[in-house]
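Read-outs: derived from the displayed coordinates by stated rules, not from any lab. Values in this document were obtained by computation on a predicted structure and should not be read as measured data. In this analysis, Cβ positions are derived from the backbone assuming ideal geometry, glycine residues included, and neighbour counts consider all displayed protein chains.
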Amino acid sequence: MKPLFKEIAACPVCQQLLEWEAETVRCTGPGCGRSYSLAGDVPILDLSEDNGSIADPVPDPNARSGLRRMASSFLRVESSTYKTRQGRERQPRFIASLGPDAIVLNVGAGKTDFGARVVNLDIGPFPNVDVVGRSEWLPVRDHAVDAVITIGVLEHVGDLAETLKEIDRVLRPGGQVFHEVPFIQGKHGSIDHRRFTYQGAAALVDDYELLDEGVAVGPSSALGWILAEWFALLFSFGNARIFSVASRLFSKIFSPIRYFDAILEQRPEARVTACSLFVQARKPEISS
Ligand SMILES: [Zn+2]
């Protein structure tokens with residue numbers, strides 16, 4: 001856990017301050033007094049027992065062994081999508097633009113880490129996670145952070161409206177949000193509730209000042225993804241196991257298509273069939 005988290009931590013139930021003890025974290029709120037456990041030094045400020053990730057899963061090549069590992073590594077495509085250099089640099093640039101003292105909360109961080117000033121929250125204690133918690137019950141004080149980022153997360157959260165309300169609560173006036181959301185993608189992860197058009201993405205930040213928006217991953221990645229799933233469907237004859245192998249095989253075959261995004265994602269019409277989209281917006285200084 002980054003020490004920075006203690007500066008912004010709060011009870012996820014009553015938002016009062018927490019007291020750190022050797023093996024527990026205790027809420028100091030009168031009438032609450034809940035205590036939470038620690039996994040190593042990572043506080044579990046969660047009210048449920050689910051240990052999946054909110055963020056899109058990062059494949060772990062060491063999770064399999066022997067032949068399955070060889071087959072799996074032959075069929076593995078690092079990612080079925082292609083993020084151009086401009087796309088990959090977008091979040092680090094956003095974080096750098098906030099200044100060296102800004103505190104950033106990465107909701108649904110998975111295994112990612114954007115540096116010492118970024119607190120990583122997820123629903124399981126993965127590597128780099130600083131706090132285990134829920135997007136609908138953020139264990140963070142009111143107006144405590146300068147920015148919130150979500151990358152491939154909002155499709156997986158149970159209650160989107162509550163998540164956005166919580167992000168607004170922990171964000172200081174004038175603070176910024178950065179959301180990357182999926183549009184044309186197959187269903188993925190164990191729980192996947194929704195997709196966003198560019199208008200749907202902009203609606204996430206309706207009450208904020210929109211600073212930037214656009215394509216995060218282009219339509220060629222979307223096409224490669226859908227083509228692979230379509231061919232797998234055609235040649236798997238209704239068999240789920242064949243489908244699972246075939247979809248990896250076809251995603252390898254079609255993966256070169258995604259590199260067309262180096263050219264195509266710049267075009268304004270790319271947002272109509274993009275694989276994913278982003279919005280960056282600023283919370284008003286004075287809330288109405
Ligand atoms: Zn409490």
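Between LEU227 and GLU89, what is the label-to-label distance in nm when each label sits 7 Å out along the Cα-to-Cβ direction?
2.9
Which whole-angstrom value gives the distance between the alpha carbon centres of region 103-170 and region 198-245?
Their Cα centres are 23 Å away from one another.
If you take the beta carbon distance between LEU211 and TYR259 as r and set R0 to 25 Å, what does 1/(1 + (r/R0)^6) give as a FRET efficiency, to the nearest 0.05? Kindly include the intermediate steps, with their values, before the conclusion.
Details: r = 29 Å, r/R0 = 1.16.
It comes out at approximately 0.30.
Considering only the other residues whose Cβ falls under 14 Å of the Cβ of GLY33, what net charge follows from Lys and Arg at +1 and Asp and Glu at -1? List each step's numbers first, then the result.
Working: positive: ARG26, ARG34; negative: GLU19, GLU21.
Here the count lands on 0.
Kindly give Rg over Rh for region 161-288, based on alpha-carbon atoms, with the Kirkwood expression for the hydrodynamic radius. Spell out each step's value before the answer.
Details: Rg = 17.9 Å, Rh = 16.4 Å.
A ratio of 1.09.
How do the peptides 181-190, 95-104 rank, highest first, by the average count of neighbouring beta carbon atoms within 10 Å per residue?
Working: 181-190: 18.2, 95-104: 14.6.
In descending order of packing, they fall as 181-190, 95-104.
Is it possible to state the helix-based mean residue ellipticity at 222 nm for the chain, with each DSSP H run of 4+ residues giving -39500 (n - 2.57), the sum divided by total residues, to the nearest 500 deg cm²/dmol? What is it? Please report the intermediate quantities before stating the final value.
Details: 9 runs with 80 residues, N = 288.
Taking each H run of at least 4 residues, the total per residue is -8000 deg cm²/dmol.
Over region 173-266, what is the mean sequence separation of C-alpha contacts under 8 Å (at least six apart), divided by residue count, expressed as relative contact order in percent? Could the numbers behind the result be given before it?
Details: 83 pairs, mean separation 27.7, N = 94.
The value is 29 percent.
When the Kirkwood hydrodynamic radius is evaluated over all pairs of different C-alpha atoms of the chain, what value in angstrom, to one decimal, is obtained?
Values: mean 1/r = 0.0496 Å⁻¹.
Taking the inverse mean of 1/r over all distinct Cα pairs, the chain comes out at 20.2 Å.
What does the highest-first list of 207-214, 121-128 look like by mean Cβ count within 10 Å? Could the numbers behind the result be given before it?
On the way: 207-214: 14.6, 121-128: 19.6.
Top of the packing list down: 121-128, 207-214.
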